[in-house]
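Below is one structure; the comments refer to it alone.
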Amino acid sequence: MSNFYYRTESIKKDDIQNLFVGTSLDKEIIDAFKSNSPTILEGSRGTGKSFLMRMAELNLEESFNEERILPVYISFMASTLLHTTDSFQFYNWMLAKIIRETLKALRKKGIAVNSYATSLIIESESNVELIEEKLKNLVTLYESSYKNPAVEVLPNELPDLADLIDAIEEICSENGINRISYFFDEAAHIFRPEQQRQFFTLFRDFKSPYITPNAAVYPGVTHYGDTFEMIHDATFKSIERDIKSEDFLSVMHELVIKQSDEALQKQINSQKELFNTLVLCSGGNPRILLKTIEKSIPLKTQNVENTIRNFYRSDVWSEHTLLGNKYKGHAPIIDWGRTFIEETVIPTLVSRNTERLERSKPESSLYFWIHKDVPKAINEALRLLCYTGIVRKMDSGVKATKSQIGERYELKYGCVLAQESNINTSSSKIYNNLKLDNFLEYGQNSPVYSTLQLGSVFSEEDSVILEALNKQMNEPITILDITEFQKNKLLEFGISTIKELFETNEDDLIKNIRDIGVVRARIIKNAATAEFLEYLSG
């Protein structure tokens, strides 16, 4: 049976390159990450942002002896757990993680840190190992603060950012390192805009000829703040894949084949049309594609059509609605977005496609257009739909009827196709006749907006975030999007809730779960923790 990897955290480093199948866009993104220009990569959950970061990191590691560029990978996923009395908690936590991971990367390469550099990092300490230990303890204090938000964390020994930059320059000059390339993964979490603004302030300022920052963010929900300007401060890349691109189907086919056993490979190659239908429905999202293939085995017409109906009529919307259940301030916006797409956009697109496919010059559509001056709450609803991947913003400044200007969006292919009575037959007709200039229009004063009456867009307070987090901690681990093998192993150990999982260390898993070794225990822990932290953040 095929053992699919839903998350990069589940893949051993040695296997990442073997599983890589890149489009020209993917290779372009990796090259951007390896360049000396700061790069920000935007993509929905499951599109492969972490995978491409890891690929760039591995490429730099392999060429380190020749190019002398040191990669440092840092995940900010645990930021949801920060709840302390420290008004600069997030900034200080980031700084501690950056220093600690930098020192770890240097130590692994056998690179020395002289006394002048250590004095810039922590003035009172000259022993690098002791500095690492202090930073580890500080990071742990912050990441445990959700248990007791009144806790006082004192980051007294952290350096100023300017001193850290000077220390890095000293280390690089002393050791013949051309620069250090930082990969900030999960850099901007939903519903914590203040954290996001702090991150992008640091991102903008954390630069020198010896430092290149890179970051992965979500579409629609990232707040860059007033001081960060994309055009000046970074190169922007998007990982959203175009289903009409020439190599789309072949690349996605190879991606799945690399993770499939012989039996599934035979099914895929003998049922190419059914497989392509699943690929198109996924919109190029590897995680969604692997999940829907797994649900459709054996690949038969009825299985595939049932999976598409269930997943794109129900599962994708359950995930979207869950955001409103967690964060009550956003619930009206989230619910309106779902109603707008389900009850207005999808039926209208399906009806229009049915009518226009019967013409002598058939055409179909997945697209809709929104006027640039719609109420702010409408834009917020669309941003959250982009975050969950149900729609994607294609372009701005698009002219519609009477030369009005607005933004064009693409609805996920599966959400439209799932409404058809004969899914597999309809798929090729819709796909082959897609026309980009064939889009629905919703003007500045469209009546569909009247059902959303909000004076302003809500920002969640820390107290609301903490309340949601505590509630989610007691949810069963069965809600996590990890493999059945991983769930069963955790249940076998007696871990039944998210809280129990998060508070169990890796060593205990190794000692107490049967038939797994150190590597597999770490993979289970990393995959489950990453999924859990993503679940908490939205």
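Angle of helix 518-537 to the longest C-alpha principal axis of the chain, folded into 0 to 90 degrees and rounded to 10: 60°. For the range 492-501, 3J(HN,Hα) computed residue by residue from phi via the Karplus equation (6.51, -1.76, 1.60; θ = phi - 60°) reads 4, 6, x, 8, 10, 10, 4, 4, 4, 5 Hz, glycine and proline entered as x.
A DSSP coil position with no more than 16 other Cβ atoms inside 10 Å describes the following trypsin sites (Lys or Arg not before Pro) in the range 263-330: K300. Of all DSSP bridge pairs formed entirely within the chain, close to 35 percent run antiparallel. For Y73, the residues whose amide H sits under 5 Å from its own are F183, ignoring neighbours fewer than 5 places away on the same chain, with H placed 1.01 Å from N. Rounded to the nearest 10 degrees, the inclination of helix 272-282 to the longest alpha-carbon principal axis of the chain is 60 degrees.
Evaluated on the chain, the Kirkwood hydrodynamic radius is 24.9 Å, with distances taken between all distinct Cα atoms. Cβ crowding within 10 Å ranks L120, L41, L154 as L154, L120, L41, fewest other Cβ atoms first.
Let me know the whole percent of all Cα-Cα pairs from the range 375-438 that are separated by more than 19 Å. Result: 46 percent of Cα pairs exceed 19 Å. Proximity of backbone amide H atoms, modeled 1.01 Å from N, is registered between V153 and T85, D86 at under 5 Å, excluding neighbours fewer than 5 places apart on the same chain.
Computed from backbone phi, the HN-Hα couplings of the range 64-72 come to 4, 4, 8, 8, 6, 10, 9, x, 10 Hz, rounded to whole numbers (Karplus: 6.51 cos²θ - 1.76 cosθ + 1.60, θ = phi - 60°; Gly and Pro given as x). Round to a whole angstrom and tell me the spacing of the C-alpha centers of the range 181-235 and the range 50-108. A separation of 14 Å, based on Cα centres. For the range 348-404, GluC sites (Glu not before Pro) meeting the loop criterion (DSSP other than H, G, I, E, B) and having at most 10 other Cβ atoms within 10 Å: E358.
Scalar couplings 3J(HN,Hα) for the range 414-425, obtained by applying the Karplus form with A = 6.51, B = -1.76, C = 1.60 to θ = phi - 60°, are x, 5, 7, 5, 4, 7, 7, 6, 10, 4, 5, 5 Hz; x denotes Gly and Pro. List the chymotrypsin sites (Phe, Trp or Tyr not before Pro) within the range 28-111 that DSSP assigns to loop and that have no more than 14 neighbouring Cβ atoms inside 10 Å. Within the range 28-111, the qualifying chymotrypsin sites (Phe, Trp or Tyr not before Pro) (loop, at most 14 other Cβ atoms within 10 Å) are F88. How far, in degrees from 0 to 90, does helix 301-310 lean away from the longest principal axis of the Cα atoms of the chain, to the nearest 10? Tilt relative to the chain: about 70 degrees.
Values quoted throughout were computed directly from the atomic coordinates according to the rules given, and no laboratory measurement underlies them. Note that the structure is predicted; figures quoted are calculated from it, not measured. When we count neighbours, we look across all protein chains shown, and the Cβ atoms used for this are built from the backbone with ideal geometry, even at glycine.
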